[in-house]
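> Dumping the structure here so I can ask a few things about it.
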Amino acid sequence: MTRGLGVAGRSCDRVEPVPCDARAVRAVVVGNRDGLDAGFVGGHLRTRGFRFTEAHREDVGGWPDLDGIDLVLTLGSEWHVGRPEAAASVAVEVAYVRDVIARRIPFLGICFGAQVLSHALGGTVSRAVRPEIGWYEPVPAPGAPAVAAGPWMEWHDDVFTAPEGFEVLASTPSGPQLIAGGRAVGTQFHPEATETMVRDWLEHGGAEQHRSRGGDPDELLAATRRNTTRSRPAAEELVDWFLARTAAGT
């Protein structure tokens, strides 16, 4: 699930002092028009010199060409991979992801973005037996990066399987939470989630969804305030691990 402020045109709005010059590298961020916020992940990528161009899922004919692109980041969504009314947009994203993988461009998919990655490469996406909303600590697999354990914000009704050639690096009882293969990484959790983002999700239908499952929106916000003090540096570590992994060509 995602809503919020965009990141396009803010390549010089950095948290750390990185010169805004020719050393900036090009990235595409994919998301829904009304919710394209890359949060902690986008902020840290900007400190590492990445300049974003937006691709909106609603604009099925207008996505950036991949020539010269150094990284692709795909965000969460209220959509579902199998939703008939989203089929045309999902097909465009699937083709785009396959092209990214074929070109060996570093790819990071978050929540719906990871589900599309799985679907594009032969994995499965299905409704979760245990939908998750809240802060969770996935169980890392042996050899997984330390940051895999979280705590991480979860907000999903669907789950995915790891496609062939991908490792499952962390899981919850709901399903895989962190997968990696080649130069691609997918997370079911939301490493980008800020308090502002979670508040926005709650204000645009998420509070009712959370209550319908026995949750308390006020408690979720309180937990978010507590946990983002840990998840922000963890998200930055996750981005650094992802960049190091893809730079190594693994």
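> Taking the alpha-carbon centroid of each part, what is the distance from segment 27-43 to segment 49-80 in angstrom?
8 Å
> With runs of 4+ DSSP H residues as the only contributors, calculate the mean residue ellipticity of the chain at 222 nm using -39,500 (n - 2.57) per run, divided by the residue total and rounded to the nearest 500.
-10000 deg cm²/dmol
> Follow-up. Quick one: which residues, 5 or more positions from residue 32 or on another chain, have an amide H under 5 Å from its amide H? H modelled 1.01 Å from N in the peptide plane, none for Pro or chain starts.
The list, which skips near neighbours in sequence, is 57.
> Let me ask something else about it. Among 242, 189, which comes first, then next, by fewest other beta-carbon atoms within 10 Å?
242, 189
> What label, among (1) 62, 43, 29; (2) 50, 39, 39; (3) 63, 52, 30, belongs to Cα extents along the principal axes in Å computed from the structure on display?
So the calculated entry is the one marked (2).
> How many angstrom lie between the C-alpha centres of segment 83-155 and segment 196-233?
21 Å
> Still on this structure: Of 128, 107, 241, which is farthest on the positive side of the dipole of segment 25-247, counting Cα position, with +1 on Lys and Arg Cβ, -1 on Asp and Glu Cβ, and the Cα centre as origin?
Highest projection toward the positive end goes to 241.
> Just to confirm the filter: which GluC sites (Glu not before Pro) across segment 154-250 are DSSP coil and have at most 12 other Cβ within 10 angstrom of their Cβ?
Here the sparse-neighbourhood loop sites are 164.
> Amide H neighbours of residue 189 under 5 Å, counting only residues 5+ apart in sequence or on other chains, H built in-plane at 1.01 Å?
111
> Right, something else. Pairs of Cα atoms under 8 Å, at least six residues apart: use those to get the relative contact order of the chain, whole percent.
That works out to 18 percent.
> Further, regarding this structure: With +1 on each Lys and Arg Cβ and -1 on each Asp and Glu Cβ, how big is the dipole of segment 59-214 about its Cα centre, in debye rounded to the nearest 20?
400 debye
> Exposure proxy check: 174, 118 ranked by fewest other beta carbons within 10 Å?
The most exposed by this proxy come first: 174, 118.
> Hey, got a sec? Which trypsin sites (Lys or Arg not before Pro) in segment 141-250 land in a DSSP loop and have at most 15 other Cβ atoms within 10 Å?
Qualifying residues, ordered by number: 213.
> Another question about this same structure. Using the Karplus curve 6.51 cos²θ - 1.76 cosθ + 1.60 with θ = phi - 60°, what ³J(HN,Hα) values do you get for each residue of segment 192-202, in whole Hz, with x for Gly and Pro?
Ordered by residue, 3J(HN,Hα) equals 7, 5, 9, 4, 4, 5, 5, 4, 5, 4, 5 Hz.
No value in this document is a laboratory result; all are computed from the given coordinates. Predicted, not measured: the structure shown is a model, and the values here were computed from it. Please note: Cβ atoms are built from the backbone with ideal geometry, for glycine as well, and neighbour counts cover all protein chains shown.
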